[in-house]
Amino acid sequence: MTMPDLEHALDALAGRVSSLRETRAAYPSDLAPTLDAALAELDTAVELLAEAREQLSRGSRRQSGKKDGSQRELKLLRQVFRAFPVPVIVLDGGGMVRRINPETSRLLGSPDGYLVGRSFPLLVDVSRRAAFRSHLTAVLSTGQPAAFETRLAHQGRAHLVQLAMARLTMPGEPQQMVAVVALPTEVQLPQPDGERPEETDGTALLAAARRQDLLSRMAALLLDEEALRQPVALPRACRLLAAEWADWVVADVVREGLPRRSVVLGPKNLPVGEVIRQVEASDPAGAQVVAQVLERGSGVVFEMVDDESLLGFCADGPVLTAMGAGSLLSVPIGEGDGVLTLVRTHDRRPFALADLSVMQEVGLQLGMAIRAQHSFQSRSRAADALTASVVPRSLPNVPGYEAAAVYHPGSSVGAEFYDVFPLPDGWGFALGGAAGKGEEAASVSAMVRGGLRVLSVWERDPDSVVRKVNEALVEQSTGLFVMAVAGFVKGRRIRVSSAGHHPAALVQPDGSVRFTAGGGVPLGIAAEAETSTEEITLRVGETMVLYSEGLISSRNETGEPYGEERLADVLTRCAGQSPSAVVKAIEDDRNAFSGGQVWDEIVVLALRGV
C-alpha cells in the first residue's frame, strides 16, 4: 500500500467512525449493531497501523544511510498517528504512556500530552486494574493481540470502552511497546461542577467565587464559640470539605511528636464502611505524603495519582487503591500540628494548583483554631480549678439551719469566694473577694478562703481568724486587698467579723428587713487589721443573707446600680420562704434588672433558722 492509499484509507475510516458516532447518538437503545461495526472498524484501524509500520520499515531498509528519507517517513508516521480518528495510546512494558494522539486527549478531556509519562492503568476501573496489567503483560510476552472491556475515568469523565492491544516495535526504542486503541461504547460526560476551571473565563470566575465562599464558611465555622469549648472544629471542617470538595477527607493530628489519624470521611453515596475502618486503622506515620508535608511544611497536589502507596497501606493493600483515588491534595494543619489530605476519585475533576492554594489557607485556619481551642480549654480548666478553690462543691448540713447559695462567674476569672465549714464546737462561714480580676486575684481569694477555714480550727473567735489572715496577706505583699466577712455559728448565736465587706441582711418572718453593721477595713492594706464585729441571734424563721459587691454594683441599661434598697424590696417579698427560694428570687430580680448581663461575679449566701 502506497502512502496516498494509506491516507485515503484513513480518510475513509474517519468517515465511517463519524457515521457510527451519529448512529450511536440517534439510536442509543439499539447499540448492538453499532458495537459490532465499531469492533470491525477497530480491526481495520489495527491493520492500518500495522501497514503504516511496515511502510516505515521498508522505507528505512531502502534508504539505509539516507537520513532525510528516514526523517520524512517518521514525520509522515507521526502525522498519521495524530490524524488517526480513534483514540490510540502507546504504552511501554510498565504501562506508562509514551505516546498519545489528540483523539485520546479529546476523549479523556485532558490537554494534549498531559498523560504522557503517567501510568495508564490508573485510568482503568479499580476492579479491573489487575486484569488489565495481566493482559498487557500477555500481549508483550506472546505477541498475540488482546481485546479488553473496561471503564476509564479521568478529568470528571467516565467511559465504558473496548480496548484493543497489540505489541508494537518502534524504531529507536530499545524495548517493545503496546499500541492500545480505545473505542468508547458508553460515555458519561462531566457534570457542570466537574469542568476544568481553565475552560472559560466564566468557569474560572465561578471557581474562584466557590473557593472564596469556602474560606468564608470555614472561618465562620471555626470562630463559633462551641468550636472553642468543645473539640469539634476539626470534624466540622472535614465534613464541610467532604460535602463539596472531595470524596475522601483524612485528618492526621500530631500528638507526642507523631501523626495520629483523627478524622476519616468517605463518600456518602457508596457502601465504604469497611474501607473507612481500614483507613482509620492505617498508620499515618508510614504514609509518604504525610511525612513529606510535615517535613517541608508546605502542601502538595497530585493531579493524577501515579504512586498508590503515597498514603500508606491498609489490610487490602495501598490505601489510595482502596479509595479508588484519582487525584490527591495534602496540606499542613497549622505549623506542624498535622496534615489534611483530600482525595478525589477518577470520576471527579482532579485537584489543581488553585485548589492547593485555597486548602493551604484552610490548613492555616484549622491550625489556629486547634491551637485556640487548646489554649481556651487550658484556660478553662485553670479557671475551673480556681473556681473550685474559691467555691465549695456543695453546702454541708448545718444543724438547726437551712443554707443555700448561688455563684455566677463574671466575664473573666474573678475573685469572689464563699465557704461553709465545720468547727470543733459549731460551724463557720466566710464570704468575700479580692479587688481585681484574673488569675492573680482568684489565687489571692483562694489563699484567704483557705486561711480562714484552716485558722478557724484553732481560734475561738472569727475576729482573731480575720486578723491573722490579714497579717499573712500583708506579709505576702500581693498588692491586692480583700473585702471579707467571717462568722462562727454556735447554737442560735452568730458572731461576725467584717473587713470592709457589705453588711448582712436579716429578714424577719413578718417581712421586715434590717442590715447588720458591716464595715471595717479590707484585708491586706495595713499590718494592723481594722475590723467590725457583731453578734447576731438568728431565731427560727429568720434568714440572714450575705452578698457580694457584684450583686450590688450590677447596673441596668441606663447605668443605675442594683443597690441595697432594691435588694431589701426583694427580701421583703421572700419572708418565710426557704433559703433556696430566697437566693433564686434575688437571682431572677437581678437578671431582670440587668437584662441577664453579668460583668462581675455574683455570690449570695442565705442561712435560715429552722
Are any residues in segment 434-474 among the small types (Gly, Ala, Ser) and either at pLDDT below 90 or surrounded by fewer than 19 Cβ atoms within 10 Å (Cβ to Cβ) (or both), and if so, which ones?
ALA434, ALA435, GLY436, GLY438, ALA441, ALA442, SER443, SER445, ALA446, GLY450, SER464, ALA472
Can you tell me which residues in segment 473-499 are under 20 Å from ALA517 (Cα atoms) and within 51 Å of the chain's Cα centre (by Cα)?
VAL482, MET483, ALA484, VAL485, ALA486
Do the conditions hold for ARG344, that is, is it at pLDDT 90 or above and charged (D, E, K, R)?
yes
Those residues of segment 513-524 which are open to solvent by 40 Å² or more (accessible area, probe 1.4 Å), in contact with a Leu (Cβ under 9 Å, 6 or more places away or on another chain) and farther than 19 Å from VAL604 by Cα, in sequence order:
none
Residues that are aliphatic (A, V, I, L, M), surrounded by fewer than 14 Cβ atoms within 10 Å (Cβ to Cβ) and at pLDDT below 95: does segment 546-560 have at least one?
no
Across (1) of a type outside the set (A, V, I, L, M, F, W, C); (2) out of contact with any Asp or Glu (no Cβ under 9 Å at 6 or more places or on another chain); (3) modelled with pLDDT of 90 or more, GLU256 clears everything bar (3)
When segment 301-324 is checked residue by residue, the ones that are farther than 16 Å from ASP283 by Cβ and surrounded by fewer than 18 Cβ atoms within 10 Å (Cβ to Cβ) are ASP306, ASP307
Tally time: how many residues in segment 404-426 are open to solvent by 50 Å² or more (accessible area, probe 1.4 Å) and more than 43 Å from the chain's Cα centre (by Cα)?
3
State which residue pairs qualify: first residue free of Cβ contacts under 8 Å to residues at least 60 places away in the same chain and inside segment 557-575, second residue outside any helix (DSSP H, G or I) and among the basic types (Lys, Arg) in any location, beta carbons under 6 Å apart, and separation of 6 or more residues or different chains.
PRO561/ARG555
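Yes/no per residue for (1) assigned to a loop (DSSP other than H, G, I, E, B); (2) within 44 Å of the chain's Cα centre (by Cα):
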site	(1), (2)
GLU530	yes, no
GLY559	yes, yes
GLY576	yes, no
GLY596	yes, yes
TRP599	yes, yes
VAL604	no, yes
With the requirement that a residue be touching a helix residue (DSSP H, G or I) at 6+ places or on another chain (Cβ under 8 Å) and under 16 Å from LEU431 (Cα atoms), what does segment 466-480 give you?
VAL466, VAL469
State all residues of segment 87-114 that are part of a loop (DSSP other than H, G, I, E, B), in contact (Cβ under 8 Å) with a residue 40 or more places away in the chain and over 17 Å from LEU168 (Cα atoms); if no residue qualifies, say none.
GLY109, SER110
Is one or more of the residues making up segment 488-497 in contact (Cβ under 8 Å) with a residue 40 or more places away in the chain, under 16 Å from ARG608 (Cα atoms) and part of a loop (DSSP other than H, G, I, E, B)?
yes
Please find, among LEU452, LEU523, the residue that is touching a residue at least 40 places away in the same chain (Cβ under 8 Å) and either under 24 Å from VAL570 (Cα atoms) or of a type outside the set (Val, Ile, Thr) (or both).
LEU523
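The values are calculated or read from the model by the stated rules, or taken from the named source; none is laboratory data. These numbers come from a predicted model, not from an experiment. Heads up, the Cβs are rebuilt from the backbone with ideal geometry, glycines too, and the neighbour counts pull from every protein chain shown. Side chains included, ligands, DNA and RNA excluded: accessible areas come from the protein's heavy atoms. Shrake-Rupley method; radii C 1.70, N 1.55, O 1.52, S 1.80 Å.
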